[in-house]
Amino acid sequence: MAFTIDIANTTANPEKYNKSNDTTIIQAGVSISPLSIINQLTPVFVIDYDSRFLNANYIFAPFLGRKYFATVSVDTAGRMVIQCKVDYISSFNLSNCPITVTRNGGIGKPTEIPDNKLPIIPNRKRIDSKTVFSPDINDVFINDIRSMNYVVTVVGGDTE
């Protein structure tokens, strides 16, 4: 079974959501023949050598439904190896996700920038920090490698 990828070059910031305006397709529909299992998060593609791909740094893999940051290496026998890491931000359609994005001026302090589009209260100077748990050697957050730890910041609420 043969698959194809689109080889591209992007100048976009890696944290940018839509990289299409900053991305140039070098060659669409490049055939790859998997020699082993393809990891969906960090695939490695082997292709025929083509000097146009030496500066490529971005890959579209429609059969995996993902976009990837890429590093191209020249292999023996006229082949190139493309090592990829998934571009989480651009690989998924986030346009329907109900989220609020706020800016942060640094650790421990909100931006305090008056902006009617952001839920920041610029005249509030009191910042509270409460520890919900204290990690110790038996804590499930430390011992369970599968757990995902999050830092949640809430704007507004009770000022007690």
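The values are calculated or read from the model by the stated rules, or taken from the named source; none is laboratory data. In this text the structure is predicted, and so the values were computed from the model without any measurement. Positions of Cβ are generated from backbone atoms using ideal geometry, with glycine treated the same way; all protein chains shown enter the neighbour counts.
Among the conditions (1) modelled with pLDDT of 60 or more; (2) assigned to a strand (DSSP E or B); (3) loosely packed, with under 12 Cβ neighbours inside 10 Å, GLY105 misses just one, which is (1). Looking at the range 11-26, can you tell me whether even one residue there is under 20 Å from SER73 (Cβ atoms), in the same structural domain as CYS84 (by TED's automatic domain parsing) and among the polar types (S, T, N, Q)? The answer is no; no qualifying residue exists. Hey, could you check the range 18-34 for residues that are in a loop (DSSP other than H, G, I, E, B) and surrounded by 13 or more Cβ atoms within 10 Å (Cβ to Cβ) and say which is modelled with the highest pLDDT? Restricting to residues being in a loop (DSSP other than H, G, I, E, B) and surrounded by 13 or more Cβ atoms within 10 Å (Cβ to Cβ), the top hit is LYS19. With respect to the conditions (1) crowded, with 19+ Cβ neighbours inside 10 Å; (2) in contact with a strand residue (DSSP E or B) (Cβ under 6 Å, 6 or more places away or on another chain), LEU64 falls short on a single one, namely (2).
On inspection, ALA12 passes the criterion of being of a type outside the set (Asp, Glu), in contact with a helix residue (DSSP H, G or I) (Cβ under 9 Å, 6 or more places away or on another chain) and assigned to a loop (DSSP other than H, G, I, E, B).
Residues of the range 12-38 that are of a type in the set (S, T, N, Q), more than 25 Å from SER51 (Cβ to Cβ) and in contact (Cβ under 8 Å) with a residue 24 or more places away in the chain: ASN18 alone.
Can you name the residue in the range 74-95 that is β-branched (Val, Ile, Thr) and at pLDDT below 90 and is also surrounded by the fewest Cβ atoms within 10 Å (Cβ to Cβ) among such residues? Here the answer is THR76.
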